[in-house]
1. Can you name every residue in the range 57-83 that is outside any helix (DSSP H, G or I), of a type outside the set (Gly, Ala, Ser) and over 24 Å from Ile11 (Cα atoms)?
2. Which residue out of Ile34, Ile54 is within 20 Å of His2 (Cβ to Cβ) and not in a helix (DSSP H, G or I)?
3. Determine which member of the set Leu25, Leu18, Leu45 is under 18 Å from Pro7 (Cβ atoms), in contact (Cβ under 8 Å) with a residue 40 or more places away in the chain and over 13 Å from the mean Cα position of the chain (by Cα).
4. Collect the residues in the range 17-31 that are surrounded by 12 or more Cβ atoms within 10 Å (Cβ to Cβ) and either among the small types (Gly, Ala, Ser) or part of a helix (DSSP H, G or I) (or both), keeping them in residue-number order.
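Any read-out appearing in this document is the output of simple, stated calculations on the displayed coordinates, not a laboratory observation. Worth saying up front: this structure is predicted, and the values here are computed from it rather than measured. Please note: Cβ atoms are built from the backbone with ideal geometry, for glycine as well, and neighbour counts cover all protein chains shown.
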Amino acid sequence: MHGYDEPVYLISVVAKVLSIHPQTLRQYEREGLIEPSRTEGRMRLYSQKDMDKIKMILRLTRDLGVNLAGVDIVLQFKEQIDELESEIEELKKELSVLKKQRTIDKNKSLVKKRHVYDVILFGE
């Protein structure tokens, strides 16, 4: 079994599995939406993570009618949200450790929400 981030799928396999033309995958790469790994012979290799990202792009474009510029913005927001969620989880773990060590009064600990993001998709 391959890791989630391990690049193992050729462009022809990804295109067949996702029912899209290989040229569409090349366009997504040109637009900067995906960045497959390359072999020494410059062949594109995709990971399962890449395939999941392509599935999201296809949902946005096919099902919601979002253009590629909009997809780029949505993907950037998703990346920021993922980073913030990861940071929140790390802070929660640190806080839990500090509470167990009794270095912070449980009644005085506070986690503030610093940013709020709303993603609104408009259809025609």
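1. Listed by number, the list holds a single entry, Leu64.
2. Checking each option against the conditions leaves just Ile34.
3. Every option except Leu18 fails the conditions.
4. Residues satisfying the conditions are Val17, Leu18, Pro22, Thr24, Leu25, Arg26, Gln27, Tyr28, Glu29.
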